[in-house]
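Beneath this line is the structure, given in structure tokens, with notes to follow.
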Amino acid sequence: MSERDAHPELSEEPANVPSIYWLWLGGLAWTTIGVNLLSFGMVWTATAHSGLLAGVVLFSTTLPRVILALFGGAVADRLGPLRLMFTSDAAMSAFCASAAALVVVVGPHPALLIGVALMLGIADAFYYPAAGAVPKFLVPSAGLPRALSARQLVIFAGSVAGPALGGVAVSAAGLPLSLALGSAGFAGMLLILAKVRRRMQQPAHQNHAATPSDVIGQMRAGLRFALTTPLLRAVVLVTSAFALFVLPLTSIMVPLVARDRGWEAELAGVTAGVFSAGMAALALWVMWRSGAQRAGAAAICGMLITGAGILGFAAAHYEVWAILAVLVTGLGAGLFSAHLGPLFVAATAPEYMARVQSVMMIAQAAPMMIAGPVIGVLADLLPVGVIVLIWGAGALVVGCGSLFSRPLRKAQRPS
């Protein structure tokens, strides 16, 4: 089936992003802000009990994503991504509203916080693979760089606005208001999904009478497809390495370096923030110009730049140079992700879309679960600057090794 046949309503301007995608993206922005708002409120409330509880709450959110993501992708491919998103939004809206009422009655008990975190993680394991599959069915291949860059900007905005609003909400009325606003975030997406479902062509292979063995077989097939398709395998592997060596920069390495060098918390926050600013700048460029034609080579170049930026951050003892080094790292990370995402989506067959997205989700989450504790242990044994140097060197090694991947190096921008 040709691109025009798969998207008959887009045949006049196949290179453009259709308006229905922007409507869906607006709903995703609303939900993303709500989830980040709720997550901040939960962690902040947990810190009032202990730092250990805060860590357990974060871990309880992440663990189900890794364990259940592939199953969630298989269900999304079986039922259709929008149908699963609709079900997940409805369930989480009702759950958060109920949890808000329960907190009013019994207070923010640790068991309640962990239970809500687990439910959020379970919902994410189904929701994220489904949401990642939607652009494949709404946007023609030529529009994917712009569409996915816009989605990346939405995620950045949600990660900034959500915690800020969460701080206001939890200060004003505690966890019940955070849960209520989270419920509203899920509910708002329901209205938009109802409209988008009428415009989106569903995969033709869906079968709602699947047995458990069928779903397990689909999970295996999705994993096999992702790991045996040369370009997809290269993307998954380099993304996993990116999550291991680059993403811990702002979450743990910047705070450790700031503590070690006696920086103020505000400076550490600004330093971490410029990483996202660099990624957002590259995402805006790709939205405007659709990115480089040799997308695979551009992604590899981005990985090399991130490695150089992390090494520069390790060597930067003056604050301004540290901020500039992290900005360079963010620009490299933006170059990497903005070009790799469209390649990944375009190379995936529609019937595998959600399952392959779930493989990518695991490839990102699992290394981050490992990297944080490892860096924390090493920080008690080695100088912090040495740890940052090791991670920067690792990113450079991955970038250089990626040059030997012919499918990735030769990959062209979707058209």
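Of note:
- Of everything in segment 1-36 that is modelled with pLDDT of 80 or more and assigned to a loop (DSSP other than H, G, I, E, B), the residue that is farthest from Gly143 (Cα to Cα) is Pro18.
- Filter result (more than 15 Å from Gly27 (Cα to Cα), among the hydroxyl-bearing types (Ser, Thr, Tyr) and within 13 Å of the chain's Cα centre (by Cα)) within segment 124-158: Ser149
- Inter-residue pairs, beta-carbon under 7 Å, first within 17 Å of Val66 (Cβ to Cβ) and in the same structural domain as Ala349 (by TED's automatic domain parsing) and in segment 216-240, second of a type in the set (S, T, N, Q) and surrounded by fewer than 22 Cβ atoms within 10 Å (Cβ to Cβ), 6+ apart: Thr239/Gln364
- Meets criteria (in the same structural domain as His317 (by TED's automatic domain parsing) and modelled with pLDDT under 90) for Ser251: yes
- Any hit, segment 121-131, residues being in contact with a helix residue (DSSP H, G or I) (Cβ under 8 Å, 6 or more places away or on another chain), free of Cβ contacts under 8 Å to residues at least 40 places away in the same chain and in a helix (DSSP H, G or I): yes
- Residue match in segment 339-359 (condition: among the acidic types (Asp, Glu), under 24 Å from the mean Cα position of the chain (by Cα) and either part of a helix (DSSP H, G or I) or at pLDDT 85 or above (or both)): yes
- Taking residues in segment 265-286 that are assigned by TED's automatic domain parsing to the domain that holds Leu324, and partners anywhere that are among the aromatic types (Phe, Trp, Tyr), the pairs with Cβ atoms closer than 8 Å and at least 6 places apart or on different chains are Thr271/Trp263; Ser276/Phe156; Met279/Phe156; Ala280/Phe156; Ala283/Phe156.
- Hey, Arg65 under 18 Å from Val359 (Cα atoms) and over 22 Å from the mean Cα position of the chain (by Cα) or not: no
- Within segment 79-91, not a single residue is over 23 Å from Phe156 (Cα atoms), of a type in the set (S, T, N, Q) and modelled with pLDDT under 85.
- If you go through segment 363-383 and keep only what is touching a residue at least 24 places away in the same chain (Cβ under 8 Å) and either in contact with a strand residue (DSSP E or B) (Cβ under 6 Å, 6 or more places away or on another chain) or under 17 Å from Val246 (Cβ atoms) (or both), you end up with Ala363, Gln364, Ala365, Ala366, Pro367, Met368, Met369, Ile370, Ala371, Gly372, Ile375.
- Output for segment 316-343, where each listed residue is without any contact (Cβ under 8 Å) to a residue 40 or more places away in the chain and either in contact with a Leu (Cβ under 8 Å, 6 or more places away or on another chain) or not hydroxyl-bearing (Ser, Thr, Tyr) (or both): Ala316, Val320, Trp321, Leu324, Ala325
The values are calculated or read from the model by the stated rules, or taken from the named source; none is laboratory data. Just so it is clear, the model here is predicted, and its values are computed rather than measured. Heads up, the Cβs are rebuilt from the backbone with ideal geometry, glycines too, and the neighbour counts pull from every protein chain shown.
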